[in-house]
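First up is the structure itself, then whatever we jot down about it.
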Amino acid sequence: MGLTQALATSLSGLTATQANIAVIAGNVANAQTPGYIAQSAVQVATSSGGTGDGVSVTSVNNVLNQFVQSQLWTESSGGAYADLSANYYQQLQQVYGQPGSSTTLDSTFNNFTTAVQALSTSPNSSAAQSGVIGAAQSMAQQLNSATSSIQSLRSQADEGISADVQQANSALQQIAQINQQLLAYSPQDSTAATLESQRDQDITQLSQLMDIRVVQGSNNQVSVSTTSGQQLVGTQASQLQFDTTGTITAAQQWNADPSQSGLGTIALVSPSGGSIDLVANGGIRSGQIGAYLNMRDNVLVQAQSQIDAVASQMSSALSDTTTVGTATTSGSQAGFDTDIGGMLAGNTIQVSYTDSSNVQHQITIDGVDDPSLLPLSNSSTNPNDTIIGVDLSGGAASVAAQLNTALASTGLQFSNPSGTTLQVLDSGPGTIDVNGVSTTTTASSLTGGSGALPLFVDGTTPYTGAVTTGGPESVGYAGRIAVNNALIANPSALVAYQGSSQTPVGDATRPNFIYNQLVNASLEYPTSTGIGGTASPYQGTLSAFMSQVVSAQSQAANNATSLQAGQDIVVNALQSRFNSTSSVNIDTEMANLLSLQNTYGANARVMTTVKAMLDSLLQM
């Protein structure tokens, strides 16, 4: 090796050593910086003429396991989803109360039934009558409070989405900006590794907000998309758009059809201006945003449906009376007559028949007072039931005509022989069999001559379950349910079902009816409550249903907590594994520094020796 070559080799060694020392200095300086990833210089031997003549630093890389990092981002989304969900379930648990405590919904209901039972044994007791009114008011107030709490949680979730969308947009802009900056740096520049580390921190933040997929490209570039495939950011960032609603009511629900949706959705707007609805397309499935969406649009909506079902079924059980139709014939046709004169909007006619193939059918004819609401959606509590809407405003003859048109294919024939009577007949022997017809009406008076009474009302009017321009009356009813003011003013009406002068003293007919309906009546609950199966709606007493609701919510909260604990273990384990290879270890850095100092000294001595030899040659 000639002196010149020896000088060049030692100089390259000094240069490479200085580059390594600079990297170590940066590592030590940032050892306590959150999210900082240790850097290392990639050093390779150089050669010319087939022989090694030096060393050079080709790049400065972050020290990390990309597979573990990718898994950490994925599990961070799941962990954030589980953490937020568990928090909301615990808050929802407080709405229903802990099972077995005196503050649960079913405990308040039991206090109500106990008060009614006391009235049954002492119908003339003013104290017993007042006790029922007070217990009924407590029941209504707890349902009101539960609705307020649930809708408050939905509003919080909506605000959480808005805040997270802003954070996500900031992270996307940062990632795009760093991608653009990295195009100007060579791999040997330690600034590139520092920028990559900053970009990884932004990606980590984004992964906690939503589920993402990160693809490494050339020139230190990354592309980030949703796990469902929508592009989020490359050298340019898309933007998330969300319009927060503010205070949310039970009637405001998200719908994929913007014209029917009462809540904001998340749109992804690309740099070119194209837009896609991420909620409608299932683009966000995890992370905090995914959890907020699930709570706002699913879990809390179902929770509201559960307490609405309690309120509506309890009200209807006390105020509704079902009257079975009278068998009748007309020539060779057979069927039933039913009186529909007392029907209000929301009241129903039930028709059961067997077709010529011996298949049984059930039809519920739902009355409305606004023809613009027709046709009604065929969304029944019972999936085996068909719902038909009719306008009651034109009287019985009009109802019969509407039904003949709507149900012509069934073979059923409807008519109005007189007054308010609706007649339902088969089409003759050998065709179909009308098995039964009945009419359900709602008591609007406290002295209607029967046990039924509008004890609970929707604001000031009897609850009928009507469909209105604002949607079904049942939606959000738990927030509006109240004890009838006329009953509060006259508690004796809890007993005097025929008027105070006509009801015998000590008659327990109405108290017994109220108690039986509350405690023993088997009622059917909507499948939207999540209690029971889609094909077989839950049927049972009010007490049994409320116990199911409280138990289901408690189980859901426990499951969410267990999921959170399991997910936290996974995230912490991955984070620990990632940190073990990517974080700065001061001991390792100091050992490397000592080695580099020795290397620097050796190269310096070579240069000193070469200089001395060159000086001797020049003197000669």
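For beta carbons closer than 6 Å, sequence separation of 6+ or different chains, a first residue in the stretch 438-460 that is of a type outside the set (A, V, I, L, M, F, W, C) and a second that is buried (at least 19 other Cβ atoms within 10 Å of the Cβ) and assigned to a strand (DSSP E or B), the qualifying pairs are 439/338; 439/349; 440/320; 440/348; 442/320; 442/462; 444/462; 454/462. In the set (1) modelled with pLDDT under 75; (2) under 24 Å from residue 80 (Cα atoms); (3) crowded, with 17+ Cβ neighbours inside 10 Å; (4) of a type outside the set (A, V, I, L, M, F, W, C), the condition left unmet by residue 553 is number (1). Scanning the stretch 276-299 for residues that are acidic (Asp, Glu) and part of a strand (DSSP E or B) returns a single hit, 277.
If you go through the stretch 111-164, how many residues are free of Cβ contacts under 8 Å to residues at least 12 places away in the same chain and in contact with a Leu (Cβ under 9 Å, 6 or more places away or on another chain)? Final tally of qualifying residues: 1. Kindly indicate which of 444, 450, 398, 409 is in contact with a Ser or Thr (Cβ under 7 Å, 6 or more places away or on another chain) and not aliphatic (A, V, I, L, M). Result: 450 is the single residue among 444, 450, 398, 409 that is in contact with a Ser or Thr (Cβ under 7 Å, 6 or more places away or on another chain) and not aliphatic (A, V, I, L, M). Taking the criterion of being more than 23 Å from residue 552 (Cα to Cα), buried (at least 16 other Cβ atoms within 10 Å of the Cβ) and among the β-branched types (Val, Ile, Thr), the residues of the stretch 102-140 that qualify are 116, 132, 133.
Cβ contacts < 7 Å: first residue over 16 Å from residue 421 (Cα atoms) and surrounded by 19 or more Cβ atoms within 10 Å (Cβ to Cβ), restricted to the stretch 385-397; second residue among the aromatic types (Phe, Trp, Tyr) and at pLDDT 95 or above, any location; separation 6+ or different chain. Result? Every condition considered, no pair remains.
Assess whether residue 85 counts as being among the hydroxyl-bearing types (Ser, Thr, Tyr) and either in contact with a helix residue (DSSP H, G or I) (Cβ under 8 Å, 6 or more places away or on another chain) or outside any helix (DSSP H, G or I) (or both).
Yes: the conditions hold for residue 85.
Of the strands (runs of 3 or more DSSP E) entirely within the stretch 300-354, those holding at least 1 residues that are more than 23 Å from residue 409 (Cβ to Cβ) occupy 320-324, 326-330, 333-339. On inspection, residue 58 does not qualify as in contact with a strand residue (DSSP E or B) (Cβ under 9 Å, 6 or more places away or on another chain), modelled with pLDDT of 70 or more and either closer than 30 Å to residue 307 by Cα or surrounded by fewer than 21 Cβ atoms within 10 Å (Cβ to Cβ) (or both). Against the list (1) assigned to a helix (DSSP H, G or I); (2) in contact with a helix residue (DSSP H, G or I) (Cβ under 6 Å, 6 or more places away or on another chain), the condition residue 137 fails is (2). For residue 469, the requirement of being closer than 23 Å to residue 377 by Cβ and of a type in the set (Val, Ile, Thr) is met. The residue that is farthest from the chain's Cα centre (by Cα), counting only those in the stretch 447-471 that are surrounded by fewer than 19 Cβ atoms within 10 Å (Cβ to Cβ) and assigned to a strand (DSSP E or B), is 461.
Checking each residue in the stretch 196-242 for being closer than 18 Å to residue 281 by Cβ and among the acidic types (Asp, Glu) picks out only 211. Scanning the stretch 506-532 for residues that are more than 14 Å from residue 305 (Cα to Cα), touching a Ser or Thr at 6+ places or on another chain (Cβ under 8 Å), in a loop (DSSP other than H, G, I, E, B) and not hydrophobic (A, V, I, L, M, F, W, C) turns up 520, 522. The residue that is farthest from residue 233 (Cα to Cα), among those in the stretch 193-215 that are under 26 Å from the mean Cα position of the chain (by Cα) and among the polar types (S, T, N, Q), is 208.
If you go through the stretch 207-224, how many residues are closer than 21 Å to residue 168 by Cβ and among the hydroxyl-bearing types (Ser, Thr, Tyr)? So the answer is 2. Taking each residue of the stretch 529-546 that is in contact (Cβ under 8 Å) with a residue 40 or more places away in the chain and looking for partners that are in a strand (DSSP E or B) with beta-carbon atoms closer than 6 Å, six or more apart or interchain, yields 537/524.
The values are calculated or read from the model by the stated rules, or taken from the named source; none is laboratory data. It should be emphasised that the depicted structure is a prediction, and the values quoted were computed from it without experimental measurement. Reconstructed Cβ throughout: ideal geometry from the backbone, glycine too, with neighbour counts over all protein chains shown.
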